[in-house]
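> The structure follows.
The values are calculated or read from the model by the stated rules, or taken from the named source; none is laboratory data. The shown structure was predicted, so the numbers you read here are calculated from the model rather than taken from an experiment. Glycine gets a Cβ as well: all are built from the backbone with ideal geometry, and neighbour counts include every protein chain shown. Note: areas computed on protein heavy atoms with side chains; ligands, DNA, RNA excluded. Shrake-Rupley method; radii C 1.70, N 1.55, O 1.52, S 1.80 Å.
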Amino acid sequence: MKLPGSTQFTYHQIQKLIQHGLNLVHFPWHIEALYRRHYCREAAREFRYRAPIILALYGFLTFGIYKISLGHEVGITWMYYYTWVGIIIFIAWVLSFIKKLSHWFDIYVGIGSMMAVALTFLMITVIGPVQSNALFHVAMMYAVVIIYGFVGLRFYTAFIAGWSGGLLAMLVSLLLDYNIDWVLFNRTYTFSSFLGMALAYAIDRQHRENYLQNCIIELNQKKLSQQAELLESLSRQDALTDLANRRYLEEVLTREWFNALRYQQSLTVMMIDIDYFKHYNDSFGHVAGDNCLKAIATVLKQITSRGNELAARYGGEEFMLIFPMTDAQQAQKVADKLLQCVNDLALPHPNSLISDNITVSIGVISTIPQRHHQLSDLIMQADQALYQAKKYGRNQYALLRL
């Protein structure tokens, strides 16, 4: 049985369980509840394939005893009672196909197993001492071992089902005054029960060990996935500003360009430069310069808040913004807002030639791409618009159309 792992446990918890928690074939209650849910779902799924095999084994056993009994009344009685065992298995098989009942697999299969053991036990006491009585005891051993080792119950559930079925049959036999050969029962039912318990214990322990190993695999896969996501994020992100880097900018810009070309939608690109940033660095140092870049980046993130918009560091103190489905009129409103937000930062810049605070210049290009247009032309025009904004006094934007 292949049990899925879980990522709800830590490596420390799993290692502790592997070292100390498997011999008792029971986890702490909060872990056992999760394990039981996974186990019952998989056990029910496997029982859909095991039940026909179990029915075939019981059928083969019944037919064999019938033939040995030469079709006498004993063999016919055996077949009659054993038909009920087959019905119990068939009902459990049908229930295993109802996915909503998978959580209750232990319950309905455990009850069915208990009834099968009780019926097998009672058949011996009801039929009574005959020449083939030992053969019937062997059949009971056969049934008990199947229930412990093949049905798919966890150890403690199989233990309860196996012994309670035997005890129930003993009580019924004593109440109805049926004869019980205690010596033979001890040599068959008791021996087979202990053998079955050993099988169930070994199987359950192995399942739990496999489950914990699968949990480790799931945790490793989760960790690798998180690391891959982190690496992917870092490969797209500027380390200083947390904006998109130049490589990711080019990837997104290319995609949005072709989308705008295909659907004939407006595309706006803004090229932004911090005015007299070299003077700022010379005055306050590169640490202050880095902080200034981070503050401007925060504003740019706020400006590009919609999911399909992007703010990226283009290089040095230059940034680029991408606004899909944004025409020239909308772009001017965004540019005005951006200028105001930067001014509201009120970052002192005593060596600026145009203001006491940090300002930016913006080149805006807005277009609906046509077949004869090139993406490189868009970038070049944005750069040209930025040049014009600087030429006409900075702390403003210039708008061009491609």
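> Go through (1) closer than 30 Å to Q332 by Cα; (2) of a type outside the set (S, T, Y); (3) at pLDDT below 95 for A228 and report which single condition fails.
Single failed check for A228: (1).
> For E251, state whether it is open to solvent by 60 Å² or more (accessible area, probe 1.4 Å) and either under 38 Å from the mean Cα position of the chain (by Cα) or among the β-branched types (V, I, T) (or both).
Details: open to solvent by 60 Å² or more (accessible area, probe 1.4 Å): yes; either under 38 Å from the mean Cα position of the chain (by Cα) or among the β-branched types (V, I, T) (or both): yes.
Judged against the criteria, E251 is a match.
> Going through the stretch 259-289 one residue at a time, which ones are without any contact (Cβ under 8 Å) to a residue 60 or more places away in the chain and open to solvent by 70 Å² or more (accessible area, probe 1.4 Å)?
Correct list: R262, Y263, K278, F284, H286, V287.
> Now a separate question. From the residues in the stretch 12-31 that are among the β-branched types (V, I, T) and at pLDDT 75 or above, which one is surrounded by the most Cβ atoms within 10 Å (Cβ to Cβ)? Lay out the reasoning, then the answer.
Of the stretch 12-31, the ones among the β-branched types (V, I, T) are 14, 18, 25, 31.
In the following step, the residues that additionally are at pLDDT 75 or above were identified as 25, 31.
Working: V25: 18, I31: 20.
Ranking the qualifying residues of the stretch 12-31, first place goes to I31.
> Please state which one of L400, L353 is touching a residue at least 12 places away in the same chain (Cβ under 8 Å) and either surrounded by 14 or more Cβ atoms within 10 Å (Cβ to Cβ) or in a strand (DSSP E or B) (or both).
Result of the check over L400, L353: L400.
> Examine the stretch 290-305 for a residue that is surrounded by 20 or more Cβ atoms within 10 Å (Cβ to Cβ), on the phi < 0 side of the Ramachandran plot, part of a loop (DSSP other than H, G, I, E, B) and touching a Phe, Trp or Tyr at 6+ places or on another chain (Cβ under 9 Å), and state whether such a residue exists.
Yes, there is a match, as at least one residue in the stretch 290-305 is surrounded by 20 or more Cβ atoms within 10 Å (Cβ to Cβ), on the phi < 0 side of the Ramachandran plot, part of a loop (DSSP other than H, G, I, E, B) and touching a Phe, Trp or Tyr at 6+ places or on another chain (Cβ under 9 Å).
> Another question, if that's okay. Could you list all residues from the stretch 356-371 that are surrounded by fewer than 24 Cβ atoms within 10 Å (Cβ to Cβ) and under 12 Å from G393 (Cα atoms)?
Within the stretch 356-371, the subset surrounded by fewer than 24 Cβ atoms within 10 Å (Cβ to Cβ) is 356-359, 367-371.
T359 - this is the single residue of the stretch 356-371 that is surrounded by fewer than 24 Cβ atoms within 10 Å (Cβ to Cβ) and under 12 Å from G393 (Cα atoms).
> Considering only residues that are at pLDDT 75 or above, open to solvent by 10 Å² or more (accessible area, probe 1.4 Å), part of a helix (DSSP H, G or I) and closer than 20 Å to L55 by Cα, which ones fall in the stretch 125-159?
Hits for the stretch 125-159 are M141, Y142, V145, I146, G149.
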